[in-house]
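Participant: Sending over a structure as structure tokens; questions will come in a sec.
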Amino acid sequence: MTARPHVTLSDVARSAQVSLATASRVLNGTTNVRSDLRDRVVSAASELAYTPNAHAQALAGGAQPTVGVICHDVSDPYFAAVARGVMRVAGDNGLLVMLASTFRDPQKEVEYVSMLRAQRASAILLIGSGFEDRGWERAMAAELDPYRRGGGQVAVVSRHRSLKVDTVQPENREGAAALARALTDLGHRKFAVLTGPRALTTVSDRLGGFADELALHGVKLKDSDIFEAPFTRDGGYAAARELLARKHPATCVFAVTDVMAIGALTAFREAGVSVPQDISLAGFDDIPVVRDLTPALTTVALPLEALGEHAMDLALKGARGTRSRILRLAGEVVLRESTAKV
């Protein structure tokens with residue numbers, strides 16, 4: 001998509017041929033300004049479709065400090081847990097949280113950021129995977145860069161390659177590699193992977209870490225071993241049904257997120273395939289429900305609420321320099337009843 005150019009107060013002042021201070025006084029309504037100068041500034045702002053600096057206006061006007069949180073799908077327990085961590089820290093600091101779901105639409109994510117700027121959010125948090133998409137990267141940077149220059153705070157959860165912002169990064173690649181080691185230690189050599197769209201950085205990191213580690217153990221993951229579907233419970237169900245229809249010889253299936261593994265478990269049960277007697281199944285994230293499944297799910301446990309808490313902390317503390325901060329949080333392999341030795 002084409003990013004909308006960002007118009008600054010300096011642009012308005014230059015177009016109106018007035019000082020930056022005069023333009024600011026007119027648009028903020030803080031003092032009286034000569035009518036001719038006011039008319040020029042208002043006209044220039046209108047012609048340029050200028051959006052006032054939301055963060056500065058919120059501070060000047062004493063508005064309720066607001067944090068905008070943008071996730072992919074709040075109904076997904078992963079995002080619900082991360083958002084809970086954000087809200088706990090925000091509440092402790094007297095901040096109001098606005099939550100939006102993009103349903104993994106990159107254009108919608110950019111639009112929500114623009115809307116939050118207009119709503120005078122003092123901080124914006126992105127708590128979903130980044131996209132391997134140059135158009136999205138440029139459009140998002142065009143929204144976030146001027147927002148940060150104006151004093152707004154930004155923090156993200158997960159890998160966003162091109163965004164130079166504070167980041168809480170779960171070690172997805174390392175966690176998937178550790179899971180591959182644990183599963184090969186159980187004797188598995190025939191694998192299939194149920195994955196979401198590979199344009200998502202979380203998917204590419206988890207799939208890459210898993211495949212690279214398997215290769216170190218002499219197991220090559222082929223394209224025919226990878227079943228791509230929506231990054232949801234229904235996506236996992238559909239991918240598992242396809243795996244069964246192809247009569248794939250896997251002894252172990254890795255779903256790159258727990259919600260996909262839950263869908264796969266249902267598909268296997270409906271087909272009369274027993275887990276783990278007929279096939280082992282593992283996920284990633286350790287959302288709360290997976291320990292209560294029958295069988296309980298082997299997974300990589302991430303500190304989900306801590307991801308949100310740390311992201312909110314980064315936004316509150318606000319880096320003053322140009323260098324962004326990266327906080328990495330490791331996952332831990334948890335072997336449960338859904339996997340067994342071959």
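Participant: By the gyration tensor of its Cα atoms, with a ≥ b ≥ c the square roots of the eigenvalues, what is the shape of region 121-249: rounded for a/c under 1.5, prolate for a/b over b/c, or oblate?
Facilitator: Taking the square roots of the gyration eigenvalues as a ≥ b ≥ c, region 121-249 is prolate.
Participant: Based on the Cβ-Cβ distance from A296 to D11, what FRET efficiency comes out when R0 is 51 Å, to the nearest 0.05?
Facilitator: After rounding to 0.05, the efficiency reads 0.30.
Participant: Under the √(5λ) rule applied to the eigenvalues of the Cα gyration tensor, what semi-axes describe the equivalent ellipsoid of region 9-52? Give them in Å, descending. Can you show the working numbers first?
Facilitator: Values: eigenvalues 39, 21, 18 Å².
Working from the Cα gyration tensor, I get semi-axes of 14, 10, 9 Å.
Participant: Which length gain, in nm to one decimal place, applies between D212 and R149 when the Cα-Cα distance is subtracted from 0.36 nm times their residue separation?
Facilitator: Stretched out fully, the D212 to R149 stretch lengthens by 18.7 nm.
Participant: Then there's this: What nm value, rounded to one decimal, do you get for the distance between L96 and K164 when each label is placed 7 Å out toward the C-beta?
Facilitator: Output for this residue pair reads 3.3 nm.
Participant: Also, I was wondering about something else. Roughly how many Å² is the accessible area per residue of the chain, as a whole number, for a 1.4 Å probe?
Facilitator: 45
Participant: In region 237-301, which trypsin sites (Lys or Arg not before Pro) fall in coil by DSSP and have 10 or fewer other Cβ atoms within 10 Å?
Facilitator: Working: sites: R241, R246, K247, R269, R291; in loops: R246, K247.
Here the sparse-neighbourhood loop sites are K247.
Participant: Could you give me the percent of Cα pairs per 5 Å distance bin for region 172-302, shortest bin first, beginning at zero and ending with the bin that holds the maximum distance?
Facilitator: It works out to 2, 12, 24, 27, 23, 10, 2, in whole percents.
Participant: Pull up the cross-link candidates among the lysines for K247, meaning alpha carbon to alpha carbon under 19 Å and not fewer than 8 places away within one chain.
Facilitator: Straight-distance partners of K247: K190, K220, K222.
Participant: Pop out the carbon and sulfur fraction of the accessible area of the chain as a percent, whole number, probe 1.4 Å.
Facilitator: 51
Participant: Given the Cα-Cα distance of R88 and V342 and 0.36 nm per residue of separation, how much length would full extension add, in nm?
Facilitator: Result for the pair: 87.1 nm of gain on full extension.
Participant: Same structure again: Just to verify a number: FRET efficiency for A21 and A199, C-beta to C-beta distance, R0 = 41 Å, to 0.05?
Facilitator: So, using R0 = 41 Å, E works out to roughly 0.35.
Participant: Can you tell me what the convex hull of the Cα atoms of the chain projects to on average, as an area in nm²?
Facilitator: The directionally averaged projection comes out at 18.3 nm².
Participant: Okay, moving on. Tell me what the chain gives for mean residue ellipticity at 222 nm when only DSSP H runs of n ≥ 4 count, each as -39,500 (n - 2.57), the sum divided by the residue total, rounded to 500 deg cm²/dmol.
Facilitator: After summing the helix terms and dividing by residue count, I get -14000 deg cm²/dmol.
Participant: In addition: Quick one: if the Förster radius is 25 Å, what FRET efficiency do D185 and D278 give, using the C-beta to C-beta distance and rounding to 0.05?
Facilitator: Calculated transfer efficiency: 0.80.
The values are calculated or read from the model by the stated rules, or taken from the named source; none is laboratory data. Just so you know, these numbers come straight off a predicted model, no measurement behind them. For neighbour counting, all protein chains shown are included, and Cβ atoms are generated from backbone atoms with ideal geometry for every residue, glycine included. Calculation scope for accessible area: heavy atoms of the full protein, side chains included, ligands and nucleic acids excluded. Shrake-Rupley method; radii C 1.70, N 1.55, O 1.52, S 1.80 Å.
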